[in-house]
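The block underneath contains the structure these notes are about, expressed in structure tokens.
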């Protein structure tokens, strides 16, 4: 049996909890347009002052990397250790560096 | 199982054993996905159906303060349902399918909500005992292996302790009140105590879904372990405000420091799950009615959105 989807579009919600901090994914909401998505996100994810700013994005607009590619994609580049500060030798007695 | 499935399943189990979380796009055994959909949608439905017994008391709350608190609590329950639907949708099932499964009876909800809230003391008992039992379960589920479920639980637990405290406050105030109020509180305790203990599900030996759930770390503690935690926390709270435990066999085991209780009536539990509880039909009928009567709102919203989009073209 096919089920009619009458539950509106899905939007991903990102909340900034304090100014200066990044927006963090909170969950999703259903809404027919941006205005409703923002309103629903406010009602559902910020009932206790959790937010200073909300972003909503249609779920279909998000592209995600494939976890199966993780080894290749997030190769830590062990052969490029010069990217880390600990790679460098500092002279004895050097301070604040 | 073919070779590929076996390899996948070994890799998956290794990940679980190392304490890693599973995210929506990760490879997972079909049974893991199915188990989560069943458990999480049931959890979501329970939050939403759970609004009904309490909603019944909004217009009859004894003070403006009590009414405001009850409204906020019920709004939270709706919110918790939505966090959980949102998390379940990441497993590839739509909200419409979940609602359809609730309406057809394929998906269940916690049978505790098939008991009626008869008077104001029940609102106290529900917050204190029912939400109290739910918290014990949900605190444990914060470490469940599926990322979106775990994150929803963290959010829910932050909000839930207000629910339990407001319930205990109602019970405390009634126990400090008139004789009639004390009797009402005790009566609510008598009716909600055993069903609350049943919320943790059958004993470990009789729990058909538990083995895989523990192996996959969907469940982190067994039904009986969680129930014991609830009992040990709640009995002293009851005694503190002068309530009697409606169990002539309960006692504190001095050696272990744990309370032991009498036998749980599992016939009642299974009977309510089968649909023969006091309010099963009413709860589902109510949900269907408002879902259907709200259809025009969703249709109107979509029509409006379409019109706005066509204006932009």
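Ordering B:244, B:88, A:46 from the fewest to the most neighbouring beta carbons within 10 Å gives B:244, A:46, B:88.
For chain A, the longest principal axis of the Cα atoms and the long axis of helix A:34-45 meet at an angle of about 70 degrees. Only helices enter this figure: runs of n ≥ 4 DSSP H residues, each worth -39500 (n - 2.57), summed and divided by the residues of the protein assembly as shown, yield -17000 deg cm²/dmol at 222 nm to the nearest 500. On full extension, the segment bounded by residue B:183 and residue B:206 gains 4.7 nm, given 0.36 nm per residue less the C-alpha separation.
Per residue, the Cα convex hull of region B:191-313 amounts to 226 Å³. Against the empirical curve 2.2 N^0.38 Å, the C-alpha radius of gyration of region B:8-312 lands at a ratio of 1.07.
A simple spin-label model places the labels of residue A:84 and residue B:33 3.8 nm from each other, with each point 7 Å out along Cα-to-Cβ. Under 1.5 on a/c is rounded, so check that first for the protein assembly as shown, then, if it is not, pick prolate when a/b is larger than b/c and oblate when it is not; a ≥ b ≥ c are the square roots of the alpha carbon gyration tensor eigenvalues. Prolate is the answer for the protein assembly as shown, as a/c is 1.5 or above and a/b outweighs b/c.
Put in order of Cβ neighbour count within 10 Å, fewest first, the listed residues B:128, B:57, B:296 become B:296, B:57, B:128. Of A:57, A:29, the sequence from fewest to most neighbouring Cβ atoms within 10 angstrom is A:57, A:29. Across all C-alpha atoms in chain A, the radius of gyration and Dmax reach 21.9, 76 Å.
Mean sequence separation of contacting Cα pairs (under 8 Å, at least six apart), scaled by the length of chain B, corresponds to a relative contact order of 18 percent.
The Stokes-Einstein estimate for region B:171-234, based on a Kirkwood radius over Cα pairs and taken at 10 °C with 1.306 mPa s viscosity, is a diffusion coefficient of 115 µm²/s.
A short reminder: the numbers here are calculations on the coordinates, not readings from a lab. Given the structure is predicted, the values throughout are model-derived calculations rather than measurements. Please note: Cβ atoms are built from the backbone with ideal geometry, for glycine as well, and neighbour counts cover all protein chains shown.
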